[in-house]
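Below you'll find the structure, written out as structure tokens, and then a few comments.
Any read-out appearing in this document is the output of simple, stated calculations on the displayed coordinates, not a laboratory observation. Being a predicted model, the structure only gives us computed values, none of them experimental. Counting neighbours? That spans all protein chains shown, and the Cβs are built from the backbone with ideal geometry, glycine included.
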């Protein structure tokens, strides 16, 4: 009697490699990505070659080209800014404030804002810029 | 009772299943999609605008003496920096900074921008000053008297 060996079943494709790849991508996105609150309007910061690394923590005040304000992504009226910022600076130990102004924002909106923030007790105010590698064209 | 003419074949017990990886893969994929969607890839830097250490009250008086008269730069409403009435492009301004720094290493620079100038023009001037090696730089503004 001839007994034929049953055909070997093809082993199922291993999913370990898939898990490895997914895990690497997960770690990559967790490390690289930032989850800052974005402004409710378009903000393209000015470019600069000599900017330093952005410190973490603190409060971000966004300023649109037309002078609209937002604190950590939430729109705020100009009149209410002082109160909101005073409460934040009083309630938290974070005294860093980032001014994220659009590059076309007129300085009559930006400079008084910096003075107001400083007067409210912010220890450090920084301007957000986009790093630039080539010399600026004027 | 078992009939002796029949042969009882018992199927071997299947091996105990390993812990299923499928739920873990599901969770990983959900996390992956979450981070991909919520992440932003803005590469941003910063320029210091206010630091308590900048307080004039604690400035070094000797340094202030050696710095001499400050160099005043105005920025017009068109965004062009002006030194003593002469409009300069940013590279020219940088050259001017370098030549002034050779004479006065502790050069003080004051920037007086027009309120109608844009943010980029101010940052460009501050950037040029920093590239040239200016360390004592202040931005001043005029306030309307009440």
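If I take R0 = 45 Å and measure r between the Cβ atoms of residue A:41 and residue B:29 in this structure, what FRET efficiency does the formula 1/(1 + (r/R0)^6) give, to the nearest 0.05? Intermediate values should be presented prior to the final figure.
Values: r = 33 Å, r/R0 = 0.74.
Computed FRET efficiency for residue A:41 and residue B:29 comes out at 0.85.
Let's test the formula: R0 of 30 Å, r as the Cβ-Cβ distance of residue A:56 and residue A:83. What FRET efficiency results, to the nearest 0.05? Write down the numbers at each step before the final one.
Working: r = 26 Å, r/R0 = 0.85.
Given R0 = 30 Å and the Cβ-Cβ separation, E is 0.75.
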Can you tell me the orientation of helix A:107-119 relative to chain A, as the angle in degrees between its alpha-carbon axis and the longest Cα principal axis, to the nearest 10? 90
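What order do you get for A:15, A:117 when you list them from fewest to most C-beta neighbours inside 10 Å?
Working: A:15 12, A:117 21.
Starting with the residue having the fewest Cβ neighbours, the order is A:15, A:117.
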Counting each DSSP H run of 4 or more residues in the protein assembly as shown as -39500 (n - 2.57), what helix-only mean residue ellipticity at 222 nm follows after dividing by all residues, to the nearest 500 deg cm²/dmol? -11000 deg cm²/dmol
On a 0 to 90 degree scale, rounded to 10, what angle separates helix A:16-32 from the longest Cα axis of chain A? 10
Rank these for me by crowding, B:20, A:4, B:132, B:124, going from fewest to most other beta carbons within 10 Å. A:4, B:20, B:132, B:124
Sort B:30, A:19, A:99 so that the residue with the fewest other Cβ atoms within 10 Å of its own Cβ comes first and the one with the most comes last. B:30, A:19, A:99
Quotient of Cα Rg and 2.2 N^0.38 Å for the protein assembly as shown, N being how many residues it contains: 1.66
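Sort the range A:23-138 into rounded, prolate or oblate with this rule: let a ≥ b ≥ c be the square roots of the eigenvalues of the Cα gyration tensor; rounded if a/c is under 1.5, and if a/c is not under 1.5, prolate when a/b is larger than b/c, oblate otherwise. Could you put the intermediate results ahead of the total?
Numbers: a/c = 1.73, a/b = 1.20, b/c = 1.44.
The shape class here is oblate.
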What percent antiparallel are the DSSP beta bridges of the protein assembly as shown, to the nearest 5? 50
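Mind checking the mean number of beta-carbon atoms from other chains within 10 Å of the Cβ atoms in A:22-30? Could you put the intermediate results ahead of the total?
Numbers: counts 6, 5, 1, 6, 9, 2, 4, 10, 5.
Mean number of neighbouring Cβ atoms from other chains: 5.
Could you work out the mean count of beta carbons from other protein chains within 10 Å of each residue's beta carbon in A:100-110?
Numbers: counts 3, 5, 3, 6, 4, 3, 8, 14, 6, 2, 9.
The mean count of partner-chain Cβ atoms within 10 Å per residue comes to 6.
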Chain A: relative contact order in percent, alpha carbon pairs under 8 Å with at least 6 residues between: 28
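Apply 1/(1 + (r/R0)^6) to the Cβ-Cβ distance of residue B:77 and residue A:93, taking R0 = 30 Å, and write down the FRET efficiency to the nearest 0.05. Walk me through the numbers before you get to the answer.
Working: r = 40 Å, r/R0 = 1.34.
Approximately 0.15, to the nearest 0.05.
Peptide A:50-60: average number of partner chain Cβ atoms within 10 Å per residue? Write down the numbers at each step before the final one.
Working: counts 10, 8, 5, 3, 5, 2, 0, 0, 0, 0, 0.
Mean number of neighbouring Cβ atoms from other chains: 3.
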Given the C-alpha centroids of the range A:1-71 and the range B:79-105, what is the distance between them in whole angstrom? 43
